[in-house]
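What follows is a single structure, written as structure tokens, with notes after it.
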Amino acid sequence: MPESVDIINSLVLLANYVIVPGIAYGSQLALGALGITLVYAVLRFSNFAHGDTMAFGTMITVLVTWWLQSMGVSLGPLPTALLALPIGILATVLLCFGLDRMVYRHYRSKRSEPVVFVIASVGIMFVLNGIVRFIIGPNDQRFADGERFIIKAREFKELTGLSEGLTIKLSQGLTVVMAIVVVVALFWFLNRTRTGKSMRAYSDNEDLALLSGIDPNRVVMITWLIAASLATIAGVMYGLDKSFKPFTYFQLILPMFAAAIVGGIGQPVGAIVGGFVVAFSEVTVTYAYKKFVGYLSPDGMPDSLLQLLSTDYKFAVSFVILVLVLLIRPTGIMRGKVI
Amino acid sequence: MSHTIRSLLTVVIIAAALVAIGQLQSWSVAFAIINLCLISALMSLGLNIQWGYAGLFNAGVMGFAALGGVAAVLVSQPPVPEAWSAGGLGILMAGLALAAGVFIILFARKRMVEGKLRNLATTVLVIGTWFACREIYGPAAEAIESVDPAKTGYLGGLGLPIVIAWPIGGLLAAGAAFLIGKVALGLRSDYLAIATLGISEIIIAMIKNEDWLTRGVKNVSGLSRPVPYEVDLQQAAWFKDLVVRFNESKLAGLSDVAREAALHQMTIEGSSIFVKACYALLFALVLAVVYWLAHRAQKSPWGRMMRAVRDNEDAAEAMGKDVTARHLQIFVIGSAVIGIAGAMLTTLDGQLTPGSYTPLRFTFLIWVMVIVGGSGNNLGSILGAFMVWILWIEAEPVGTWLVQTLTSGMADGNALKMHLIESAPHMRLIAMGAILLLVLRFSPQGLIPEQVRR
């Protein structure tokens, strides 16, 4: 039997490498997937440009952050990016309004097939990708400042006397707080306000909503407003937690889509559930359990890494989940839109 | 404007652009562009078969093209006997174990009644198979990768002529397309797009990380060629005669020494152009065959059925057509064409560099070609590929020149000027997106619209 201190050590180890990163990553994915799912629910297409919308919003926030930093402005322990975030959101919202006016509105009035919207979103993806690379370049950018950790591994060890440390980065804590605030606000809006209800009605049955006197353009604008804000917040949080690189943001659409479909596309609750399902699957499958088992097993550490999948294959995880859902329950966990 | 005039005009414009590149830059550059145009045309033909004939959104062109590249390596590279003896057996055993596992799972699922127990059994079997395979595969892969890692570190290929890899690449891509199509077809069209986007990323990840198979990011270079090498050409007497005959007028007035030097230079240039022209001939041949087949298929009753399925799935289904099976069929065929093109591309490059596969260049650029050329029209997608590839290549020098002209008023070393010049190449992404959006909006049928026959 392992000693109780070893059990605690193993749990702390797991918390440090699996649970804390999983929660943070899950929140980021959930915010991104919410944007995708809302666009899907109201505009009825898969927005391939969502990752690049995220990149655009993050880029503006990064630029404003750098400007603020050069002016000597700071938020003390919090990252300056929080101060720049509203400007990033505003710019992204304006961008989405402009794109809708110039691109999507035409197809909406023609009642084009969803796949035409998807192709248009591919065009927008190209343009945004080019703009972001043109302005900030294709390389990694770091813009986090302020305090880095809430709990450092060393402090945790000293505090508890355990041999395993627990690190919680400030960016991870911020992500979770931000996600909770945003999600609560979003659900309050969707379920309690008149506009939110009209949005749900429009998503549920477009013709009926039009007959009831709901202004479709207003609904669409509000959808873009929310989607752009969510994308920017998700992008900035991801960038603070890891780093900002345009290509990584483009690749994020895969886990985000997986999250939206797993949860049931068009279902806000589903997007959140899906985000955490995808994030935790990715983290648990690519984590090497060698040390964890070492604490629990009487024989000490095993020879092999006990890693199910190397981290290079983390896309495979979202993909496998996606395939499983498509095979077993194509509507997703929360029974989303018809397939 | 009638179809023929439109097509002719487009061909003339493309030819004029290529001639201009040949005269202004160099003929070597022009032929390099033609080669990639031909390969891109084959890819966009494959995508057009999927999208234009059947309305399937394939967002994984990159993956299928990369599988073609893998085929080129596996077919043409010489085998590495040391690696085979080190871990070849282990890899084969792992493959067998995987096959056995899959067989057991399918068998168990067939025998058991639907329900929780069956799902549980499936899960247990899947995990069991996974671990069993890894147990055998891990040490074998490691053993192979440690065989002279700087030079080989992989199993090598079959040592066959590389042209054989082209159809094999098509088969590999078709196999992958069959698996993915089985899962994602028959659901919403967007799901296929996301599933193919996913599979293409996974294929690239595998090529990057499975060093025992493809050497991963260490790249496999020096692939064999279906055409002669430049160095051999430069030595060959018949080639020198050819160069002299081509450049008689230029050489006529020169003194002996100058003539010798000029001839040397011309032979070097000429050999490079000759090799590229040989490639162009081969690629054009493949493209012509595939185009002819695609064209015949489109005009046949089968093509008519595909259009019916595309334009009204419900009506086609009511007439007794198996929509999902037809979709799967066409998805596999289109992917095979893309796989062939991918193998050709790796042959042309002479190396497999997994790092060079990016979705914007390999998936979405092909989409721009098809949409610009005209969805549903084979000739359109070929011409679209030529136009878009020329624009894609030339947008870089033109963009740089444009930025340099615009910023010429600024002082040298100005931070903004430096940044603009450095970032100019990214402008081509913006240009491509803008072209796609403009065509989609103002000319949704593309350059050469689909001809609808009654």
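Every number in this text was worked out from the coordinates using simple rules, so none of it is lab data. As the structure is a computational prediction, the values presented were derived from the model and not from experiment. When we count neighbours, we look across all protein chains shown, and the Cβ atoms used for this are built from the backbone with ideal geometry, even at glycine.
Okay, here's what the table says:
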item	result
Rg and Dmax [Cα atoms of the stretch A:216-283; Å; Rg one decimal, Dmax integer]	13.2, 41
Volume per residue that the Cα convex hull of the stretch B:216-258 spans, once the total is divided by residue count, Å³	138 Å³
Theoretical FRET efficiency, 1/(1+(r/R0)^6), r = Cβ-Cβ of A:Leu78 and B:Val231, R0 51 Å, to 0.05	0.20
Cα-based Rg of the stretch B:237-307 normalised by 2.2 N^0.38 Å, two decimals	1.96
Distance histogram for the stretch A:142-182 (every C-alpha pair counted, 5 angstrom bins, percent rounded to whole numbers)	6, 23, 20, 19, 17, 10, 5, 0
Nearest 10 degrees, 0 to 90: helix A:216-241 Cα axis against chain A principal axis	20 degrees
Cα-based radius of gyration of the stretch B:76-136 once divided by 2.2 N^0.38 Å, which approximates compact folds	1.52
Volume per residue of the C-alpha convex hull in the stretch B:393-454, rounded to whole Å³	93 Å³
Kirkwood Rh (inverse of mean 1/r, distinct Cα pairs), the stretch A:51-184, angstrom	17.7 Å
Rounded tilt (10° steps) of A:253-263 against the dominant C-alpha axis of chain A	90 degrees
About the Cα centre, charge dipole magnitude for the stretch A:1-145 (Lys/Arg +1, Asp/Glu -1 at Cβ), debye	900 debye
Largest-first principal axis extents, alpha carbons of the protein assembly as shown, Å	92, 71, 70
Kirkwood Rh in Å, taken over the stretch B:192-301 so that all alpha-carbon pairs contribute	18.6 Å
Dipole axis of the stretch A:242-339 (+1 Lys, Arg; -1 Asp, Glu on Cβ), positive-most option in A:Leu305, A:Ala271, A:Pro255	A:Ala271
Global size of the stretch B:357-412 as Cα Rg and Dmax, reported in angstrom	15.4, 51
Exposed trypsin sites (Lys or Arg not before Pro) absent - longest run of chain A, DSSP non-H/G/I/E/B, at most 13 other C-beta within 10 Å	A:149-334
Positive dipole terminus of the stretch B:237-335, leading residue within B:Ala288, B:Ala277, B:Ala262 (C-beta point charges)	B:Ala288
For chain B, the spread of Cα positions along each principal axis, largest first, Å	89, 61, 52
Rounded D (µm²/s) - the stretch B:134-250, Kirkwood Rh over Cα pairs, Stokes-Einstein at 4 °C, 1.567 mPa s	70 µm²/s
Sorted largest first, extent of the stretch A:286-339 alpha carbons per principal axis (Å)	52, 23, 13
Pairs beyond 18 Å (Cα-Cα), from B:Lys182/B:Lys208; A:Lys314/B:Lys208; A:Lys245/B:Lys417; B:Lys151/B:Lys218	B:Lys182/B:Lys208; A:Lys245/B:Lys417
Overall dimensions of chain A as given by Cα atoms, namely Rg and Dmax in Å	21.4, 71
Positive-pole candidate from A:Leu95, A:Ser74, B:Ser221, dipole of the protein assembly as shown, charges at beta carbon	A:Leu95
Debye equation applied to the C-alpha atoms of the stretch B:29-90, log10 I(q)/I(0) at 0.27 Å⁻¹	-1.14
Cα-based equivalent ellipsoid, the stretch B:61-107: semi-axes from gyration tensor eigenvalues, Å	25, 21, 6
Cβ charges +1 (Lys, Arg) and -1 (Asp, Glu), total dipole of the protein assembly as shown, debye	2300 debye
A:Leu210-B:Leu416 pseudo-label distance in nm [points 7 Å out on the Cα-to-Cβ vector]	4.7 nm
Area projected by the alpha carbon convex hull of the stretch A:138-275, averaged over all directions, nm²	11.3 nm²
C-alpha center-to-center spacing [the stretch A:181-250, the stretch A:282-328] in angstrom	34 Å
Relative contact order of the stretch B:150-257, defined on C-alpha pairs under 8 angstrom at six or more residues apart (%)	29 percent
For the stretch B:152-221, alpha-carbon Rg over 2.2 N^0.38 Å	1.35
Point-charge dipole on Cβ atoms (K/R +1, D/E -1) for the stretch A:137-219, about Cα centre, debye to 20	200 debye
Cα-based equivalent ellipsoid, the stretch B:255-358: semi-axes from gyration tensor eigenvalues, Å	48, 17, 8
Residue-span extension gain [B:Ala108 to B:Trp401] - 0.36 nm each, minus C-alpha spacing	98.9 nm
Viscosity 1.002 mPa s, 20 °C: Kirkwood-radius Stokes-Einstein D of the stretch A:197-339 over Cα pairs, µm²/s	121 µm²/s
Value of D in µm² per second that Stokes-Einstein yields for the stretch B:350-454, Kirkwood Rh from Cα pairs, at 4 °C (1.567 mPa s)	83 µm²/s
Estimated [θ] at 222 nm from DSSP helical runs (n ≥ 4, -39500 (n - 2.57)) normalised by residues in chain B, nearest 500	-24500 deg cm²/dmol
Gain on full stretching of the segment that runs from B:Val126 to B:Met93 - 0.36 nm per residue minus C-alpha separation	10.1 nm
Cα convex hull volume per residue for the stretch B:16-174 (Å³)	179 Å³
